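Read the structure below first, then the notes.
The values are calculated or read from the model by the stated rules, or taken from the named source; none is laboratory data. The structure presented is a predicted model; accordingly, all values stated were derived computationally and were not measured. Heads up, the Cβs are rebuilt from the backbone with ideal geometry, glycines too, and the neighbour counts pull from every protein chain shown. Accessible surface is based on the protein model in full, side chains and every heavy atom, while ligands, DNA and RNA are left aside. Shrake-Rupley method; radii C 1.70, N 1.55, O 1.52, S 1.80 Å.
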Amino acid sequence: METLRDILDAAARGVFPPADGGTTVVPQACHRDAGVLSFTAHSVVFTDEDPEWVHATLRGLDCDALAATMNPRFLSALLDRTGRRSETIDVMLVGEPLPGGPPLALREIEDAGHPRIVYARRRRDDIRAWTAEGGVLVTGRGIGGRLEVSVEVDEDVRHRGLGRALVTAARQLVAEPLWAQVSPGNARSMRAFQAAGYRPVGAEAVLLAAGPRVTGGSAEDAGVTE
């Protein structure tokens, strides 16, 4: 049976689900994350709910079938059924590892109580974080166990290319594809990631397990301002 991680790994290689207008339902990889991935003319719903309920709910929507899984009515129904919450629909981007060492002077954060590490642990596993002058870079395993990156740039050093440099450096710190989630409205982040060689592959809506609301910065929309 194809898993969520199988689908993500294939997408990172440029191999996508068939553009047939269909919806694939796969189990969650962990309790923390459920949601929807939207590729070209095909969606993936990762949930432990009954697949028949998913397909029946989608059929009942009065909208373009290609847009059904990201329709607010479907997402609301899925949130209600699962008791989860959601924040935004993000663009999925992925970048391949780069050779060589980061051009920035990075210092790995060893303090497990650092605010960025505490924040990241609520959404990811196997967290690593580095500081550079004016910014923080964080990696960790998120949806389906994929490796994800987020950065934060201090207000007083924005518009100087640091965000782009950080997300480029991230590709030089890893040995596998690196994923990012960026809010479509965060145009500066989108430009920074694309300038750093990350390519958009789809959209995602993540449904988070019920619990304290996570705030504090811009990790999940990448927080890059050039």
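Contact list please: Cβ distance under 6 Å, first residue in region 68-92 and on the phi > 0 side of the Ramachandran plot, second residue aliphatic (A, V, I, L, M) and modelled with pLDDT under 95, pairs at least six apart or on different chains.
That search, which allows pairs on different chains as well, returns 83/210.
So, of the residues in region 110-163 that are of a type in the set (Val, Ile, Thr) and touching an Asp or Glu at 6+ places or on another chain (Cβ under 6 Å), which turns out to be most open to solvent (accessible area, probe 1.4 Å)?
136
What pairs come up if the first residue lies in region 16-27 and is more than 13 Å from residue 47 (Cα to Cα), the second is in a loop (DSSP other than H, G, I, E, B), and their beta carbons are under 6 Å apart, counting only those six or more places apart or on different chains?
Note: pairs meeting the criteria are 19/40; 19/41; 21/41.
Would you pick out the residues in region 78-92 that are open to solvent by less than 30 Å² (accessible area, probe 1.4 Å) and in a helix (DSSP H, G or I)?
78
Identify the residue in region 56-70 that is of a type outside the set (A, V, I, L, M, F, W, C) and in a loop (DSSP other than H, G, I, E, B) and, among all such residues, is most open to solvent (accessible area, probe 1.4 Å).
Per the stated criteria, the residue is 62.
Restricting attention to region 1-28, report how many residues are under 20 Å from residue 55 (Cα atoms) and not hydroxyl-bearing (Ser, Thr, Tyr).
Residues in region 1-28 being under 20 Å from residue 55 (Cα atoms) and not hydroxyl-bearing (Ser, Thr, Tyr): 14 in total.
Could you tell me which numbered condition residue 43 fails, if it satisfies all but one of (1) free of Cβ contacts under 8 Å to residues at least 40 places away in the same chain; (2) in a strand (DSSP E or B); (3) more than 16 Å from residue 67 (Cα to Cα)?
The failed condition is (3).
Here is a list: 84, 32. Which entry is farther than 14 Å from residue 146 by Cβ and of a type in the set (Lys, Arg)?
Only one candidate passes the filter, namely 84.
Taking the stated definitions as given, is residue 32 open to solvent by 30 Å² or more (accessible area, probe 1.4 Å) and touching a residue at least 40 places away in the same chain (Cβ under 8 Å)?
yes
May I ask you to list pairs of residues, at least six apart or on different chains, whose Cβ atoms are under 8 Å apart, with the first in region 115-134 being more than 22 Å from residue 165 (Cα to Cα) and the second being basic (Lys, Arg) and open to solvent by 20 Å² or more (accessible area, probe 1.4 Å)?
Once the first residue is more than 22 Å from residue 165 (Cα to Cα) and sits in region 115-134, its partners that are basic (Lys, Arg) and open to solvent by 20 Å² or more (accessible area, probe 1.4 Å) give 123/32; 124/141; 125/141; 126/141.
Could you please find all residues in region 142-184 being part of a loop (DSSP other than H, G, I, E, B) and charged (D, E, K, R)?
146, 154, 158, 160, 176
Among the residues of region 12-26, is there at least one that is assigned to a helix (DSSP H, G or I) and among the hydrophobic types (A, V, I, L, M, F, W, C)?
Within region 12-26, one or more residues are assigned to a helix (DSSP H, G or I) and among the hydrophobic types (A, V, I, L, M, F, W, C).
Does residue 182 meet the test of being β-branched (Val, Ile, Thr), surrounded by 23 or more Cβ atoms within 10 Å (Cβ to Cβ) and in contact (Cβ under 8 Å) with a residue 60 or more places away in the chain?
yes
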